[in-house]
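Structure first, then comments.
Rule-based calculations on the coordinates, nothing more; no lab input. What you see is a predicted model; the values in this text were computed from it and never measured. Virtual Cβ from ideal backbone geometry, glycine too; neighbours counted across all protein chains shown.
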Amino acid sequence: MKRRATTEDKKSRLKKLKMQLLLATNANFKGPSSVFVSSNGEVYIADIGNHKIRKVLTNGKMVTIAGNGQNGFSGDNGPATNAMLNYPIGVFVSPYNEVYIADYFNNRIRKILTNGNIITIAGNNVNGKGVYNRLAINAMLNRPSGVFVTLNDEVYIADQNRNKIRKIESNGNIVTIAGNGKEGYGDDNVPAVNAMLNRPSSVFVTSNNEVYIADTGNHRIRKILRNGNIVTIAGNGLVGFHEDNILATNTSLNFPKSVFVSSNGEVYIADTGNHRIRKILANGNIATIAGNGKEGYGDDNVPAIDTMLNRPSSVFVSSNEVYIADQSNQRIRKILQNGNIVTIAGNGREGNSGDSFFDISRYPHIGITSTHIPKLKKQARDQINILDIYGFIPLIEKKSPQFCKIILQNEYLLSKINLCQREIIQRLINSLIYQNDNLEFMEHEILNVLSLLGLFENGEFINLKKNLVKKLVESITVERFTSQWEQIETHLKFCNEDLSLQNKIFEYIHEYFVEYAALRLKSTENSVPLGNSPIVLKNSVSIIQKMAIPQKTIINLDEKVEIPPRGLVDLYNDEKTGDIKVKLGLDKYLYCHKTVLSSSSIFFDALFDSGSSFSDLSDDGVFVPDPSEDLELLEIVIKSCYGIPFKFDATKQIELIDLALRHEISNLLEFCKNNFVLTTANYYKIAISCKNYLHLDSFKDFYRELLLFGIEHCKELFNDCEKVSFLPEQILHALFVQFSLERK
């Protein structure tokens, strides 16, 4: 006999369902300290007191993408939502969709990878003075409060308590670019590295490489010019508020915590202690754009300059709208283009609630949006050089151009390599384009991997190269030394003589072995067996020249990324590499790639695998859509295959769902479903529009959402019997059963 649902069962079920409907405006914060808006309109928030990074999705829901709510440090190399953060104060999303976090009390900069895992990229949790020009992961930070990432993947850090601005270069080293470490104010128009700063909170880098600093304790906004000198652009150093509409350098600021520079060069300042957002105009004058200077909370939907703010700590500009972390009001607010202010997240109450369900295993930090990059699938058409190696060359060329040119497009090299090296090449390709990031190699594979990776530079696979070189060096013992050196010379000879290519990594390693031999021979221990070794005798001249060195030289692979790697979006409508044309009008075609389309769409996969037997695929490689299809929506379908953000007419949402179902594109279908924002005004329209889909497994969660919304708002929705009769039968029946249970 089936057990009857108890009152507790119903309450538990209702509570679980409610979690899926909470909008960001109903959420609680605990001191939101930083705000960032991505290109697709998602709003990232550093919820400092809750030890979380949260995000407002485009459908208005709030989710947590990092932090389990407990303060502390844990969780590297695992899901970011399981990790512990400790007062995360700053958040930034890079052009490559990786989320950077200034983890304040952990003295670290952490990063959420696109697979949802979190890692540390700078800081070892020891606060104090550290060594300059070393790997960022080994450096000491002291309360990092701001982070910024440039297009070429350089990371700038406001190292607050060390009174410095630091930069992680593309080779992984950290350097100081401003601040001599002393707290205070020194002269302007001097090299930035010689100047004094006072607890800088924020850093911003423009496209022309000028660096802006919120020099909080000095009550100034400062700028590093391209010649390396530092100047003040706002603030006279006196704490307080001075009038607006005067030169920014003549005004007073009050512990400004954030600076943002728009594309037209206007500088926005979170003047925290003055409870204002201010802007430096093109003529150099300063003006207030939000906040009347009184501490507290003022109404929304009024001119921003008339409202009250409460210690605003961050400002961000997107699409001419200004986003504000109104920290002590526990809200994220936005200045609309008409000048009015609204709240987009937070209900003003301190707490930790309001998250919606978020499947991070399927949609890591990116969430269910139009920017989700589909996973490529291996296709027979992408076989390389008749070998058992598969890779979609156009994308590999974008991601790792030197690897593609030197290795994959070198037929002679591919004909000479061994079976182990072929398998390694496939694993490298997998890590680049098939979203298989587990690049772990056994000790016996290291030399074969380096024999390939050492043939090219340009910063490609740089971390893997460094890790493997480190492992190799750590594996050297006196007993294995000669055999290891002989293997290296064999590989080096293969590269130089058989392939006529230089392998710089092996050259560095060979030099290291020479120095190792010199130092061992100088010591009395183990000198005899080394001295009698053929490989040592062969290199005796080089060894003798190194006898004077006191210690071995550390192998430093000083590679820099000259060209930032690109991705799938760069292949969109690429006539040069496209192998299929999609007709979108009389003379309009989109140049596409069969591999990309078939990886996202079961329909396209079947179509291209069938040859030209389908009537809509002509012999000249042109896909002609059905005349009944909406070509504007078809273009969106194709954009979704490339992970390109798009905008569309909301009235066509159901038609887009139809097209997504017809082409069997799961990520586009998820995007459509999750952009339905239910209200009492549109409930009937959406429910009726979706009646043909509610039985599908892919609509299971949305169906439950419709039910819960109906239950929550039954009084407003179900007072017109005639209107109720138009609801889909499946929903009507489920609502009837639910209301019956509630009465028992």
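Explain nothing, just the number: relative contact order of the chain, from Cα pairs under 8 Å at least 6 residues apart, as a whole percent.
About 9 percent, as a whole number.
If each residue of separation counts as 0.36 nm, what is the full-extension length gain between Ser415 and Phe739 once their alpha-carbon separation is subtracted?
The span from Ser415 to Phe739 would gain 109.5 nm if fully extended.
What distance in nm separates the two pseudo spin-label positions at Asn26 and Asn682, each 7 Å out from Cα along the beta-carbon direction?
It is 1.7 nm.
For the residue pair Ser39 and Glu632, what label-to-label distance in nm results when each label sits 7 Å from Cα along the Cα-to-beta-carbon direction?
2.3
Could you work out [θ]222 nm for the chain from helices alone, using -39500 (n - 2.57) per DSSP H run of at least four and dividing by all its residues? Round to the nearest 500 deg cm²/dmol.
-8000 deg cm²/dmol
With +1 on the Cβ of every Lys and Arg and -1 on the Cβ of every Asp and Glu, and nothing else charged, how large is the dipole of the chain about its Cα centre, in debye rounded to the nearest 20?
Dipole size: approximately 2360 debye.
Please work out which option in (1) -0.88, -1.10; (2) -0.98, -1.28; (3) -1.08, -1.35 gives log10 I(q)/I(0) by the Debye sum over Cα atoms at q = 0.09, 0.11 Å⁻¹ calculated from these coordinates, and answer with its label.
Checked against the structure: label (2).
So how much slack lies between Asp701 and Thr477, counting 0.36 nm per residue of separation and subtracting their Cα-Cα distance, in nm?
Stretched fully, the Asp701-Thr477 segment lengthens by 74.8 nm.
Once Lys and Arg get +1 and Asp and Glu get -1 on their Cβ, which of Ile389, Ser533, Ile332 lies farthest toward the positive end of the dipole of the chain?
Going by the charge dipole, the pick is Ile332.
Could you list Asp720, Asp215, Asp574 so that the one with the fewest beta carbons within 10 Å of its beta carbon is first and the one with the most is last?
Asp720, Asp574, Asp215
Pop the C-beta distance of Lys652 and Asn532 into the FRET formula with R0 = 56 Å and round what comes out to the nearest 0.05.
0.10
Report the relative contact order of region 22-345, percent, no decimals, based on alpha-carbon pairs under 8 angstrom and at least 6 residues apart.
It comes to 10 percent, rounded to a whole number.
Taking other Cβ within 10 Å of each residue's Cβ, how do Asp47, Asp188 sort, fewest first?
Fewest-to-most Cβ neighbours within 10 Å comes out as Asp188, Asp47.
Can you find, among Tyr693, Pro32, Ile137, the residue farthest towards the positive end of the dipole of the chain? Put +1 on the C-beta of Lys and Arg, -1 on that of Asp and Glu.
Most positive-ward Cα: Pro32.
Quick one: putting +1 on the C-beta of Lys and Arg, -1 on the C-beta of Asp and Glu, what dipole do you get for region 378-547 around its Cα centre, in Debye to the nearest 20?
With Lys and Arg at +1 and Asp and Glu at -1, about 220 debye.
Please report His219, His695, His444 as a ranked list, fewest other C-beta atoms within 10 angstrom at the top and most at the bottom.
His444, His695, His219
Residue separation times 0.36 nm, minus the C-alpha to C-alpha distance between Ala287 and Val239: what's the value?
Contour length minus Cα-Cα distance gives 15.6 nm.
Which residue, chosen from Phe481, Ala345, Asn173, occupies the Cα position most advanced towards the positive end of the dipole of the chain, where the dipole is computed from +1 (Lys, Arg) and -1 (Asp, Glu) charges on Cβ about the Cα centre?
Ala345
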